[in-house]
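Read through the structure below, which is laid out as structure tokens, and then see the notes.
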Amino acid sequence: MLILAELTQRHAGAGRVTWLGLRPAKRVAMDAVRQAEVTTDGLAGDRGRAGKRAITLFQAEHLPVIAALAGCGDVTPNLLRRNVVVAGINLTALKGRIVQVGTAQLRWTTICAPCSRMEAALGHGGYNALRGHGGWCAEVIAPGHIALGDPVDIVAEAAA
């Protein structure tokens with residue numbers, strides 16, 4: 001029988017990038033892009049913050065859950081204002097680990113909580129629909145490039 005430490009390190013396979021977006025300025029529409037340069041401060045062309053919140057990531061599998069909880073039609077990634085949407089690997093299970101996304105290396109640092117703007121984007125109850133499904137913030141460990149279809153996989157386990 002596997003112990004918890006072993007179980008938390010097992011994944012069915014690598015994930016993949018399914019959507020990329022840049023926020024060029026506050027309160028403007030997201031720009032969907034096919035690829036992005038990752039600098040030490042975050043994504044080039046994005047207004048994100050350097051440090052532990054340099055890049056925001058979102059779990060693609062949560063889109064239909066949020067739509068159901070908000071009681072609205074399809075929820076598209078641009079409405080949620082996250083930079084990188086990933087499918088096929090549980091982002092929460094990667095917290096604290098160094099993760100290769102494209103040629104960049106990132107470390108998830110904190111939950112990306114919803115903001116009050118989700119009420120306007122998703123309708124009445126949109127803020128609560130996103131709670132627990134808002135994604136993650138990450139810091140840049142090594143700059144590189146991210147493109148649609150790139151793999152997302154663990155490079156190093158979390159520090160003890």
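The values are calculated or read from the model by the stated rules, or taken from the named source; none is laboratory data. It should be emphasised that the depicted structure is a prediction, and the values quoted were computed from it without experimental measurement. Note that we place each Cβ from the backbone using ideal geometry, even for glycine, and neighbour counts take in every protein chain shown. What goes into the accessible areas is simple: the full protein's heavy atoms, side chains included, and nothing from ligands, DNA or RNA. Shrake-Rupley method; radii C 1.70, N 1.55, O 1.52, S 1.80 Å.
Observations
- Residues of the range 89-135 that are in contact with a strand residue (DSSP E or B) (Cβ under 6 Å, 6 or more places away or on another chain), open to solvent by 20 Å² or more (accessible area, probe 1.4 Å) and part of a loop (DSSP other than H, G, I, E, B): LYS95, ARG97, THR103.
- Flag if ALA60 is in contact with a Gly (Cβ under 9 Å, 6 or more places away or on another chain), at pLDDT 90 or above, more than 22 Å from ILE146 (Cβ to Cβ) and surrounded by 17 or more Cβ atoms within 10 Å (Cβ to Cβ): no
- Meets criteria (outside any loop (DSSP other than H, G, I, E, B) and either open to solvent by less than 30 Å² (accessible area, probe 1.4 Å) or at pLDDT 90 or above (or both)) for VAL155: no
- The set of residues in the range 64-88 that are hydrophobic (A, V, I, L, M, F, W, C), over 17 Å from CYS115 (Cβ atoms) and over 12 Å from the mean Cα position of the chain (by Cα) comprises VAL65, ALA67, ALA68, CYS72.
- Residue tally, condition out of contact with any His (no Cβ under 9 Å at 6 or more places or on another chain) and either among the aromatic types (Phe, Trp, Tyr) or open to solvent by 30 Å² or more (accessible area, probe 1.4 Å) (or both), over the range 64-80: 8
- Scanning the range 21-55 for residues that are over 14 Å from PRO143 (Cβ atoms), open to solvent by 40 Å² or more (accessible area, probe 1.4 Å) and among the charged types (D, E, K, R) yields LYS26, ARG27, ASP31, ARG34, ARG47, ARG49, LYS52, ARG53.
- With respect to the conditions (1) among the β-branched types (Val, Ile, Thr); (2) closer than 19 Å to ASP153 by Cα; (3) surrounded by fewer than 23 Cβ atoms within 10 Å (Cβ to Cβ), VAL86 lacks only one, and its number is (3).
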